[in-house]
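Written below as structure tokens is the structure these notes are about.
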Amino acid sequence: MTKPLHKSSIFSFITYGIVLTAWVAYIIMVFLAPSNSGPYHLGLTQVNLLRISFAIPILIIWLLAARAAIGFHRYAQLVKGASEGSGFRSITHGLCWMLAYLISISLLGRIAPLFAHSGLIYPAVFVKNHMPVYILVAASVHLYWGSTRLLATSPPRPSKRTTWVWLAYLVFAAIFTAMFFSNPTNPETLSDGIPTYAVSHSILLFTLILPSLIAWALAIIASVNYASYAAATKGVIYKAALRYLVSGIYASVFFALLLELLILNAARLQNLGLMSLLLVIYGLILAYGLGAALMARGARRLTLIEVVE
Amino acid sequence: MSSDIYEQMVNITEDYLGPATRRFLVRQISFHLDKRPDEIVATDVPKLIEWTKVTLSLLTEDKSVVDEYARKMHLLAGASE
């Protein structure tokens, strides 16, 4: 029992350490950036208060995401030799990549403006746009692998919801792609002088849109698989704990979808009032926070089943 | 006989703990009875029921689930005597 817990302690230390270091870097870059309030015409104090009001929820989200990953890492260590062990190990990897995705979106968004007046602005913008998406693909792949490995340990029940899920997704993918292409032709400059994209839409279709659609499709399949596993597996107490995992993953996938939509339509959002924009952003933060908290709770309950004497 | 009792306990407990059943029972038997699963005898079952009731109460807020589990295990204890 001591070895898995010792490994979990090291993992916790490293994960929280990375989160806190990333947040300090984020705060430094936020306050070093020019205090440009764009179309909202805010004073310096108001801009700084707004920065703090975003920075604190961002830290909370990162910590919640870290807690979910740490919780599942601990559980995966406890069930390492069991048939479902590899599935939960993949879930842990997926949640770690999800944490990396959340950090990368915020950090890279702050790093790119540092190259605003240099020849590296376009590569910086390219990395800022693409790296989070590829990290999200990695997260989705691991969550998908986890779901298939768990399903393999128990006979799944046929799900009648799958067809409707796919139809809804195809409609969403079509609308999303159309919305993207209806954006003004890039390179497009926002009010702070930084282009939105570094390459043309036709290239972005394959480097950004397609990977995003693949990540979301895998995440949706994984969510449906986890729900099927929770339905098919035995044990009312075990299933109750799994339900938190399933709900948490659905909430996180929903959040990731909305966040990408927001990022890819950033130019349109400039037309929103400040209050509307804040509501959108805080709503997203709440969605992911809820998802991460549910997953952490599921991990805690599953772990309790393994350690209680 | 001992492994029969253990397997019957597994069958009952699986309805509550699913894939975690065997790990849970091995831990309970080892910690509270200081035995291995193949060493379980019928007279051990009542004591084990009392401990697993307490443990299951930590895992669920639903008292009816715990009571139902204890009832099934008592039936097993009665049948094994």
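The values are calculated or read from the model by the stated rules, or taken from the named source; none is laboratory data. It should be emphasised that the depicted structure is a prediction, and the values quoted were computed from it without experimental measurement. When we count neighbours, we look across all protein chains shown, and the Cβ atoms used for this are built from the backbone with ideal geometry, even at glycine. Just the protein is used for accessible areas: all its heavy atoms, side chains included, with ligands, DNA and RNA removed. Shrake-Rupley method; radii C 1.70, N 1.55, O 1.52, S 1.80 Å.
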Of the candidates A:THR45, A:THR148, the one satisfying the condition of being open to solvent by 30 Å² or more (accessible area, probe 1.4 Å), assigned to a helix (DSSP H, G or I) and more than 24 Å from A:TYR288 (Cα to Cα) is A:THR45
Flag if A:SER118 is more than 14 Å from chain B (Cβ to nearest Cβ) and either of a type in the set (Lys, Arg) or crowded, with 21+ Cβ neighbours inside 10 Å (or both): no
Is it true that some residue in the range A:227-242 is at pLDDT 85 or above and polar (S, T, N, Q)? yes
Complete set of residues in the range A:43-85 that are within 14 Å of chain B (Cβ to nearest Cβ) and under 22 Å from the mean Cα position of the chain (by Cα): A:TYR75, A:ALA76
Could you identify the single residue in A:LEU108, A:LEU143 that is open to solvent by 20 Å² or more (accessible area, probe 1.4 Å), under 23 Å from the mean Cα position of the chain (by Cα) and at pLDDT 85 or above? A:LEU108
Quick test for you: out of B:GLU14, B:GLU7, B:GLU61, B:GLU50, pick the one residue that is more than 26 Å from A:ALA230 (Cα to Cα) and among the charged types (D, E, K, R). B:GLU50
Output for the range A:271-309, where each listed residue is away from chain B (no Cβ under 13 Å) and among the hydroxyl-bearing types (Ser, Thr, Tyr): A:SER276, A:TYR282, A:TYR288
So which residues in the range B:71-81 are in a helix (DSSP H, G or I) and away from chain A (no Cβ under 14 Å)? B:ARG71, B:MET73, B:HIS74, B:LEU75, B:LEU76, B:ALA77, B:GLY78, B:ALA79, B:SER80
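Table: residues versus (1) under 20 Å from A:GLU306 (Cα atoms); (2) of a type in the set (Val, Ile, Thr); (3) at pLDDT below 85.
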{"position": "A:PHE31", "(1), (2), (3)": "no, no, yes"}
{"position": "A:PRO34", "(1), (2), (3)": "no, no, yes"}
{"position": "A:THR45", "(1), (2), (3)": "no, yes, yes"}
{"position": "A:LEU50", "(1), (2), (3)": "no, no, yes"}
{"position": "A:ARG67", "(1), (2), (3)": "yes, no, no"}
{"position": "A:PHE72", "(1), (2), (3)": "yes, no, no"}
{"position": "A:ILE103", "(1), (2), (3)": "no, yes, no"}
Residues of the range A:197-218 that turn out to be free of Cβ contacts under 8 Å to residues at least 24 places away in the same chain and buried (at least 21 other Cβ atoms within 10 Å of the Cβ), as a count: 0
Scan the range A:72-125 for residues that are in contact with a strand residue (DSSP E or B) (Cβ under 6 Å, 6 or more places away or on another chain) and within 23 Å of A:ARG300 (Cα to Cα) and jot them down. none
Go through (1) within 19 Å of the chain's Cα centre (by Cα); (2) open to solvent by 10 Å² or more (accessible area, probe 1.4 Å); (3) of a type in the set (Val, Ile, Thr) for A:VAL236 and report which single condition fails. (1)
Which condition number does B:PRO19 fail, the rest of (1) within 12 Å of the chain's Cα centre (by Cα); (2) open to solvent by less than 60 Å² (accessible area, probe 1.4 Å) being met? (1)
Being within 13 Å of chain B (Cβ to nearest Cβ), touching a residue at least 60 places away in the same chain (Cβ under 8 Å) and in a helix (DSSP H, G or I) is the filter here, so list the residues in the range A:219-250 that pass it. A:TYR229, A:ALA231, A:ALA232, A:ILE237, A:TYR238, A:ALA240, A:ALA241, A:LEU242
Pairs, first among the aliphatic types (A, V, I, L, M) in the range A:110-122, second at pLDDT below 85, C-beta under 6 Å, six or more apart: A:ALA116/A:GLY193; A:ALA116/A:ILE194; A:ILE121/A:PHE115
With the first residue restricted to the range A:13-31 and required to be more than 26 Å from A:ASN48 (Cβ to Cβ), and the second required to be surrounded by 11 or more Cβ atoms within 10 Å (Cβ to Cβ) and among the small types (Gly, Ala, Ser), Cβ contacts under 7 Å at 6 or more apart or on different chains are A:THR15/A:ALA66; A:THR15/A:ALA69; A:TYR16/A:ALA66
Specify the residue that is surrounded by the fewest Cβ atoms within 10 Å (Cβ to Cβ); the eligible residues are those in the range A:64-91 that are in a helix (DSSP H, G or I) and free of Cβ contacts under 8 Å to residues at least 40 places away in the same chain. A:GLY85
